[in-house]
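Beneath this line is the structure, given in structure tokens, with notes to follow.
The values are calculated or read from the model by the stated rules, or taken from the named source; none is laboratory data. Just so we're clear, the structure is a prediction, and the values are computed from it rather than from any experiment. Cβ placement follows ideal geometry from the backbone for every residue including glycine, while neighbour counts extend to all protein chains displayed.
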Amino acid sequence: MTAETLILKEINIFPELFLGIALIYLVLHGTFLSMRNSYPLIQNSMIYLGSLVLILCFILMLNEKLYVLDSITMNNSISNDYSSFISKTLITLLSLICLLMIQPYLNAKKLNQFEYVLLLLFSILGLYILCSSNDLITAYLAIELQTLSFYVLAAFNRNSTFSIDAGIKYFILGSLSSALFLFGSSLIYGVSGTINFSEFKDLFVGPLKEYGNYQYVYTGSLSEYFSTISESHSLGMSKFISYLSLYLMSNIEDLSNYSLIKEELVDFDVNVLIDQLCVFNVIVEKYDVLLGSHVMEYFKGGIALNNFYDSSPSITLSNNAGFLKFLGTAEYFPLGDIFFGVPLTYFNTEVIAFALMLILISLFFKLAIVPFHSWAPDVYEGSPSSSTFFFSVVPKIAIFILTLRIFYYSFHSFFDTWIYLVSYIIVLSVLVGSFGGLEQRKLKSLLVYSSISHMGYALIAFNSGIFNNLQILFCYLIVYSFSSLCIWSIFIFTRVKNNRLKKQNKDLTDLVALYKSNYTLAGFFSVILFSIAGFPPMIGFLVKINVFSTALESSMYFVALISILCSVIATFFYIRIVKIIYFEKIEVGKLYYPITTEKVFILSGLLWLSIFLFINPTLLFLMSYKFSLLFSYTGC
Amino acid sequence: MVINFLFFVFSFLILLSSLMVVVVQNSVYSVLFLVLSFVSSAGLLLIFECEFLALMFVIVYVGAIAVLFLFIVMMLDIKIVSSNKDTIKYFPVGLILGSIFSLEILVIVNENFKKNFYSSSVNNNYYVNWFDKLDKFSDIESLGQLIFTQYVLQFLIAGNILLLATIAVVVLTINTNSKQKTQNIFKQISRTHKNVLLLT
């Protein structure tokens, strides 16, 4: 029986299985090599083997194309859709380049322990599972797998106090955020009885606020009804009514044949609607935030029906799954002339909103977004540069995928519980990222603040609440990852040939007059900096302007204004680096160690990508559009 | 009713003891409170009829925490009153008394519960609990069936996390650099002025 649990049917976790088994072989390889008396330089062989494993994973992913099935397997815990496929592929590519780029740094720092690559591969395994996880347990385990290896990667340089310090800080704060995630998940499980994202989606689909706990009785005609609404609205009574949906119906017997004509916030002109609607059969569906009520009312020809017992549409309504899909198990029966929704299942959705807030905080902790960012500058600065490289480039996509799965795929109906909070968080993170970066003297911490502000920009597209804007979000994440990959590679490459300056943290002045000693690298660096700052002939401009346009589309004018201004401010510290590279009045620059050829090939490929994608962004947009289509298909 | 009362008792104990873990200054007391919180959560699990999980809680957590406790005592060098001076003197007496006592218990249990007193009489009935025979799963059985079939992937990930933890501990503690200068305390203490200074 146990032999049949892992059969070839479960082929959609094949890359993960391969990576996990390859990891054990790598452990054996490293152990046997390092136990010899003549201790070899093991890091090179481990890096090449690790990149081989990653390339094979890449081939396995591209070869299978199982995402066309859009299946959910392993007992509903692994979802095998396009978003998981594309993000896993991107993570493989990014970490492959990352692994090749950090090789000279590891050799120069004498971090000659084979476990470094092993820990990297463990975290990549965690990220794979995180991308395709479809329930909270799997997501939590994947987060643990990923962050545990990150803690050790941060503390890897044991001879440096800063590195140990960074590791301990990362460990304590990271486990705090994991505990918040667990707390939130356990609350959700306690209230809803499930941990599966698909089941959450089925349970909480639609703009439904709360099941039960309401009393709303109204008798009268439609025009009276609207006039009472407008009166109470003018008195400030009904400002809590968040949704008012009107369903236009042709025939009372044929309740499945309806069409949604109006669904929006309550601020519409009521009188116009009355004039339009009072000749039709109308079902009014109303959500009240304050009372947590959800009322459906039926009007025939503008006049509320008096005797529903005769026409007996209640059975039709309660049995008509096509119409009442979003109401789940609620049973409807008429009283007077108004439909009552009497819930049979009681959910206290306040608890779920609270739990979602906890999960949101924990995920923002992982992404280092502002109120929860304070660990990031210390940890990124203290840990070895190769680990920082990996932290800041690779895991952001996977954590964003999990955030989208939780907050868009499963709990999109709770959208208005977190939209205002996330708006504040965006404004704060953009402000802190821009102003904090101004006073940094070290290149590493400058890049950390830059990443904080970029995560803020990415959250703008996340916060718009429209499924199509996930395209922009995904575009932004891809472009951010590749640009920061480029910047960090150049950061790793510019090793100053000076024994005195062998310290870990690199000042901005280490790059002074870089163009004299290596003008190509200087040119690359400034092009990438301009791209990430958002200057036109590079891809960074396109994604940034898209993000701001999504903010304007979804009426976040204040957020858009603040973030545009802050992006101007953030441009200052990017340009300052360019100024240090090119226009510093200094006679003698610094000498750097040479860069090997294959790394230059990769770097020029990345740079070419950033310009080519501006000229022809179809690839990027198509990929991310397909990604966003998936979420919108599974949403409302 | 009783179970509800016990639930509140255990929850209160968990809350109190986990608060005390943080509050108490002495690290040994703090570890003891941690043990108390684990034991009371095991009691909570017993109330929920998860016997296996409760026992595993006690064995794994309390056992592991006891080891941690030992480490702390070792590292912080807390002065413990040497009450174990007379261990060897009292050991044989204690061994004899203890073994006699346990033998008595063993014999009594064996004698009293071995056979049914009604087995020879007409009162003996051959009651078979068919529900237990046919339908009942033990706790371990159902846990095993769930873990090794439904949650096999999660089980594998947990195994990977354990492997990772082992590797991480090795990385952070192993001393590969044999040229590192270390302090040999025995050598330092055993130096006297006689074997250091050579006055001729």
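Is it the case, given these coordinates, that A:N134 is in contact with a helix residue (DSSP H, G or I) (Cβ under 6 Å, 6 or more places away or on another chain) and within 11 Å of another protein chain (Cβ to nearest Cβ)? Break it down stepwise before answering.
On the way: in contact with a helix residue (DSSP H, G or I) (Cβ under 6 Å, 6 or more places away or on another chain): yes; within 11 Å of another protein chain (Cβ to nearest Cβ): yes.
Considered against the rule, which asks whether it is in contact with a helix residue (DSSP H, G or I) (Cβ under 6 Å, 6 or more places away or on another chain) and within 11 Å of another protein chain (Cβ to nearest Cβ), A:N134 comes out as yes.
If a residue counts only when it is more than 24 Å from A:Q146 (Cα to Cα) and either in contact (Cβ under 8 Å) with a residue 60 or more places away in the chain or within 15 Å of the chain's Cα centre (by Cα) (or both), which helices (runs of 4 or more DSSP H) contained entirely in the stretch A:383-477 have at least 3 such residues?
In the stretch A:383-477, A:415-438, A:443-463 are the helices (runs of 4 or more DSSP H) which contain 3 or more residues that are more than 24 Å from A:Q146 (Cα to Cα) and either in contact (Cβ under 8 Å) with a residue 60 or more places away in the chain or within 15 Å of the chain's Cα centre (by Cα) (or both).
Only one of these is more than 22 Å from the chain's Cα centre (by Cα) and assigned to a helix (DSSP H, G or I): A:N159, A:N112, A:N107. Name it. Steps first, answer last, please.
On the way: A:N159 fails: assigned to a helix (DSSP H, G or I); A:N112 fails: assigned to a helix (DSSP H, G or I).
One residue alone meets the criteria, A:N107.
For B:S138, state whether it is farther than 24 Å from A:Y140 by Cβ, not assigned by TED's automatic domain parsing to the domain that holds B:F52 and not basic (K, R).
Yes.
Considering B:N177, B:N160, which residue is modelled with pLDDT under 80, surrounded by 10 or more Cβ atoms within 10 Å (Cβ to Cβ) and within 14 Å of chain A (Cβ to nearest Cβ)?
B:N177
Among the residues of the stretch A:104-137, which ones are under 22 Å from A:L28 (Cβ atoms) and of a type in the set (S, T, N, Q)?
Matches in the stretch A:104-137: A:N112, A:Q113, A:S123.
Out of all the residues in the stretch A:137-158, which are out of contact with any Leu (no Cβ under 6 Å at 6 or more places or on another chain) and more than 10 Å from every other protein chain (Cβ to nearest Cβ)?
Hits for the stretch A:137-158 are A:I143, A:T147, A:F150, A:A154, A:N157.
How do the pairs read when you match residues in the stretch A:121-142 that are of a type in the set (D, E, K, R) with residues anywhere that are buried (at least 24 other Cβ atoms within 10 Å of the Cβ) and not in a helix (DSSP H, G or I), using Cβ under 9 Å and keeping only pairs 6 or more apart or on different chains?
Listed by first residue and then by second, the contacts come to A:D135/A:S77.
In the stretch A:495-544, what count of residues is obtained for those that are small (G, A, S), modelled with pLDDT of 90 or more and over 30 Å from A:L473 (Cβ atoms)?
Summing the residues that are small (G, A, S), modelled with pLDDT of 90 or more and over 30 Å from A:L473 (Cβ atoms) in the stretch A:495-544 gives 2.
Here's the yes/no breakdown for (1) surrounded by 14 or more Cβ atoms within 10 Å (Cβ to Cβ); (2) more than 14 Å from the chain's Cα centre (by Cα):
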{"site": "B:V2", "(1), (2)": "no, yes"}
{"site": "B:F5", "(1), (2)": "no, yes"}
{"site": "B:N26", "(1), (2)": "no, yes"}
{"site": "B:Y29", "(1), (2)": "no, yes"}
{"site": "B:L32", "(1), (2)": "yes, no"}
{"site": "B:V35", "(1), (2)": "yes, no"}
{"site": "B:L44", "(1), (2)": "yes, yes"}
{"site": "B:F48", "(1), (2)": "no, yes"}
{"site": "B:M56", "(1), (2)": "yes, no"}
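Every residue, every condition in (1) of a type in the set (V, I, T); (2) within 17 Å of the chain's Cα centre (by Cα); (3) surrounded by 24 or more Cβ atoms within 10 Å (Cβ to Cβ), yes or no:
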position: A:V68; (1), (2), (3): yes, no, no
position: A:F122; (1), (2), (3): no, no, yes
position: A:A154; (1), (2), (3): no, no, yes
position: A:D165; (1), (2), (3): no, no, no
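Check whether at least one residue in the stretch A:508-517 is surrounded by fewer than 24 Cβ atoms within 10 Å (Cβ to Cβ), basic (K, R) and either in contact with a strand residue (DSSP E or B) (Cβ under 6 Å, 6 or more places away or on another chain) or not in a helix (DSSP H, G or I) (or both), and report yes or no.
no
Select from the stretch A:95-121 the residues that are away from chain B (no Cβ under 14 Å) and of a type in the set (S, T, Y) and list them in ascending order.
A:S95, A:Y105
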